[in-house]
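Read through the structure below, which is laid out as structure tokens, and then see the notes.
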Amino acid sequence: MSFEIPIGPQHPIHVEPLMLRLTVEGELIVDVDVDVSYIHKGIEKALETRPYIQGLYLVERICGICNAAHSLCYCLNIEQLLGKEAPPRAKYLRIIVEELSRIHSHLLWLGHYFHTLGFETLFMYFWRDRERVMDMLELITGNRVITSYNTIGGVRRDLAPEAEQNLRRALDYIEERMRYYEKVIDSEPTILARTQGVGILKPEDAVKMGAVGPHLRASRIKHDIRLDDPYSGHDEVPFNVVTWDTCDCYARIKVRVREVYECVNMIRYALDHIPSGDYRLKIPSFFKTPPGESLARVEAPRGELVHYSISDGGEKPYRYRVRTPTLANLLSVTEMLRSRGDYEVYIADVPAILGGIDPCICCSARIVITDEARRRRMTMTLDDIIRLSRERRVEKR
Amino acid sequence: MSEEELLRKISEKFGEKVLEAKALGKRRISVLVSTDAYKDVVRYVAQDLGLEFLSCLSGVDRGDNLEIVAHLGYSTCVLIKTHVPKDSPIIDSITDILPAASFYERETHDLLGIVFGGHPNLKRLFLPEDWPEGVHPLRKDYAPEQPKPLRGGERGENG
């Protein structure tokens, strides 16, 4: 006998409105349907009605956490249309801010992820250290969250010498803390029990489902836009693409932890080798672009971000298409949540699996369980679902 | 594989069905193909050329026609484009070749009204449940409702 359990649209395991309709047989999930229709804002249409410079402020607000990636992708697109390229110093400054926001995003995700698993101490630690990164972002860009740093033709501010010293100290701190946290993650039986062997996504399925970013790399696929399609001087800055073999939720934690080290090293390298010169081109506020099209891909913290723009020669885009990493990753969630053969998924695994893709779609306390056979509906609160999720014992199979 | 080589291979394989083939810049190529060849070109690029990673699938309103653009590839990105007439925007779904296209096709169906034949679950993805049927916001003839000023010349009920 199967039941349907709707999770969402407002639910504590993810911070934004997303509806998962799970079909369950007992505790076992047999089918899943995803509904993301709650917060479509019509930004693509809005971009068609705005001059390019105004669009920049709009794309930055598509996603608060990935704002640096969105604005970078937008600027790259418009620069491509104009046939211009940012000066070398701007490219390095863009890398520094992009990697800082990646550290901030990964720390946020790690904290949130351990919170959903019931590990509140680690959540507090990660978010405390994330503040240090936010301070650095504020120091460099002038803003804490929406950095407004990238602009068409370069960046808005140059790096102050005293900021560099501060930044290096913060990087040392973050690196030291991450080494400690990695040790905690690897030695903590609760984390291992909740994540190892849970939410397996095989490499071939990951590609088939179009997964991107750390989620794809945790499935052993070595694909990183910074390496495969370098867009902002990434061919000059050495870094390793982190992959992991186990293809489960544990792999997703490890990939993100290891990526933080890579980010730290990239920022250090960029600080050591930053060329002198201009940090932006002089481009007037209102301009027309030649007719044509351009496609920019950026490795955002959550994965590959695609912006595709078509210009008809006017001062507004004819069409502007944005494909965010989460839309690409959602399909693989449906794959991971479906039990088949000896691969079993339980309701208590839902937070771990859904959290694993770093979903960016808001939150509250409601799950309605519909019992078709008994024609009964019961509402579970936030505490119930978290309790269910934490009480789950992992039997050795 | 270089951009020229990719362009040459696709042009040779499909001959006159390739209406336009050009490089868009570093690691970007664009091929416009006839509607009937679209699915075969996608299959060829994904399976024979090994670019099975679908980055994105977009739809564009081109006046009388609607354009579908599939973006494929890890490093070099191949844009496979095709046109369908606006009055009967029907095209074969590519979800059987690339399951990743599933959400993108639903999105394009939602926002531009293109019907993907053979899609297993062509439901609404982004628009709200009460959105009127047959209204597609990304088409150029759709103009969004303009918000009314909160305080205008005429006084409302609350003065």
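The values are calculated or read from the model by the stated rules, or taken from the named source; none is laboratory data. Every value quoted in this text rests on a predicted model; they were computed, and no experiment measured them. Note: ideal-geometry Cβ built from the backbone for every residue, glycine included; neighbour counts use all protein chains shown.
In the range B:1-21, which residues are farther than 11 Å from B:I80 by Cα, of a type in the set (D, E, K, R) and within 14 Å of chain A (Cβ to nearest Cβ)?
Correct list: B:E3 only.
Restricting to the range A:169-190, count the residues that are within 23 Å of the chain's Cα centre (by Cα) and modelled with pLDDT under 90.
So the answer is 0.
Please list, ordered by first then second residue, the pairs with beta carbon atoms under 6 Å, 6 or more apart or interchain, first in the range A:138-159 and assigned to a strand (DSSP E or B), second hydrophobic (A, V, I, L, M, F, W, C) and surrounded by fewer than 22 Cβ atoms within 10 Å (Cβ to Cβ).
Every condition considered, the pairs that remain are A:G154/A:L281.
So that you can scan it fast, the table gives a plain yes or no per residue for (1) over 16 Å from A:T151 (Cα atoms); (2) more than 14 Å from every other protein chain (Cβ to nearest Cβ):
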| position | (1), (2) |
| --- | --- |
| A:E25 | yes, yes |
| A:S37 | yes, no |
| A:G64 | yes, yes |
| A:A68 | no, yes |
| A:N77 | no, no |
| A:A86 | no, yes |
| A:K91 | no, yes |
| A:W109 | yes, yes |
| A:H112 | yes, yes |
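Which members of the range A:289-340 meet the condition of being among the charged types (D, E, K, R), under 24 Å from A:R252 (Cβ atoms), part of a strand (DSSP E or B) and touching a Gly at 6+ places or on another chain (Cβ under 9 Å)?
A:E299, A:E304
Counting just the residues of the range B:24-37 that are out of contact with any Lys or Arg (no Cβ under 6 Å at 6 or more places or on another chain) and not acidic (D, E), which one comes out farthest from the other protein chains (Cβ to nearest Cβ)?
B:T35
I'd like the residue in the range A:180-193 that is of a type outside the set (A, V, I, L, M) and under 13 Å from A:Y125 (Cβ atoms) and, out of all such residues, is surrounded by the most Cβ atoms within 10 Å (Cβ to Cβ).
Ranking the candidates gives A:Y181 first.
If we scan the range A:71-88, do we find a residue that is surrounded by fewer than 20 Cβ atoms within 10 Å (Cβ to Cβ) and β-branched (V, I, T)?
no
Among all residue pairs at least 6 apart or on different chains, which show Cβ distances below 8 Å where the first residue, located in the range A:338-350, is not assigned by TED's automatic domain parsing to the domain that holds A:R194 and the second is surrounded by fewer than 15 Cβ atoms within 10 Å (Cβ to Cβ)?
A:S339/A:L28; A:E344/A:L28; A:V345/A:L28; A:Y346/A:E27; A:Y346/A:L28; A:I347/A:E27; A:A348/A:E27; A:A348/A:E391
When you scan the range B:53-72, do you find a residue that is within 12 Å of another protein chain (Cβ to nearest Cβ), more than 22 Å from A:V322 (Cβ to Cβ) and surrounded by fewer than 22 Cβ atoms within 10 Å (Cβ to Cβ), even just one?
Yes, that holds for at least one residue.
Of the conditions (1) out of contact with any Lys or Arg (no Cβ under 8 Å at 6 or more places or on another chain); (2) modelled with pLDDT of 85 or more; (3) more than 11 Å from every other protein chain (Cβ to nearest Cβ), A:M378 fails just one. Which one is it?
(2)
Output yes when any residue across the range A:258-271 is of a type in the set (D, E) and farther than 22 Å from A:T49 by Cα, and no when none is.
Among the residues of the range A:258-271, at least one is of a type in the set (D, E) and farther than 22 Å from A:T49 by Cα, which makes the answer yes.
Filter the range B:1-54 down to the residues that are part of a helix (DSSP H, G or I) and among the aromatic types (F, W, Y) and list them by number.
Hits for the range B:1-54 are B:F14, B:Y38, B:Y44.
From the list B:E145, B:E133, which one is more than 12 Å from chain A (Cβ to nearest Cβ), more than 17 Å from the chain's Cα centre (by Cα) and at pLDDT below 90?
Answer to the selection: B:E133.
Would you point out which residue out of A:L331, A:L337, A:L327 is within 30 Å of A:E25 (Cα to Cα), among the hydrophobic types (A, V, I, L, M, F, W, C) and more than 10 Å from chain B (Cβ to nearest Cβ)?
Going through A:L331, A:L337, A:L327 in turn, the sole match is A:L337.
Taking A:D248 as the residue in question, decide whether it is over 23 Å from A:V333 (Cα atoms) and either charged (D, E, K, R) or touching a Gly at 6+ places or on another chain (Cβ under 9 Å) (or both).
no
Which numbered condition in (1) of a type in the set (V, I, T); (2) in contact with a strand residue (DSSP E or B) (Cβ under 7 Å, 6 or more places away or on another chain); (3) within 30 Å of A:T190 (Cβ to Cβ) is the only one that A:I62 fails?
Condition not satisfied by A:I62: (3).
Kindly list the number of the only condition in (1) modelled with pLDDT under 90; (2) crowded, with 24+ Cβ neighbours inside 10 Å that fails for A:G197.
(2)
Restricting to the range B:31-90, name every residue that is aromatic (F, W, Y) and more than 21 Å from A:P203 (Cβ to Cβ).
Listed by number, the residues that qualify are B:Y38, B:Y44.
Can you name every residue in the range A:16-39 that is of a type in the set (D, E), over 20 Å from B:R106 (Cβ atoms) and not in a strand (DSSP E or B)?
A:E27
Filter the range A:312-351 down to the residues that are small (G, A, S) and surrounded by 24 or more Cβ atoms within 10 Å (Cβ to Cβ) and list them by number.
Correct list: A:A328, A:S332.
Does at least one position in the range B:38-50 carry a residue that is surrounded by 21 or more Cβ atoms within 10 Å (Cβ to Cβ), under 14 Å from the mean Cα position of the chain (by Cα), within 14 Å of chain A (Cβ to nearest Cβ) and among the small types (G, A, S)?
Checking the range B:38-50: not a single residue is surrounded by 21 or more Cβ atoms within 10 Å (Cβ to Cβ), under 14 Å from the mean Cα position of the chain (by Cα), within 14 Å of chain A (Cβ to nearest Cβ) and among the small types (G, A, S).
Yes or no: the range B:126-133 includes at least one residue that is closer than 27 Å to B:D36 by Cα and in contact with a Leu (Cβ under 9 Å, 6 or more places away or on another chain).
Scanning the range B:126-133, I find no residue that is closer than 27 Å to B:D36 by Cα and in contact with a Leu (Cβ under 9 Å, 6 or more places away or on another chain), so the answer is no.
Collect the residues in the range A:40-52 that are touching a helix residue (DSSP H, G or I) at 6+ places or on another chain (Cβ under 8 Å) and in a loop (DSSP other than H, G, I, E, B), keeping them in residue-number order.
Within the range A:40-52, A:R50 is the sole residue that qualifies.
For the structure I just gave you, tell me whether B:F126 is over 13 Å from the mean Cα position of the chain (by Cα), facing chain A (nearest Cβ under 8 Å) and closer than 24 Å to A:R297 by Cα.
yes
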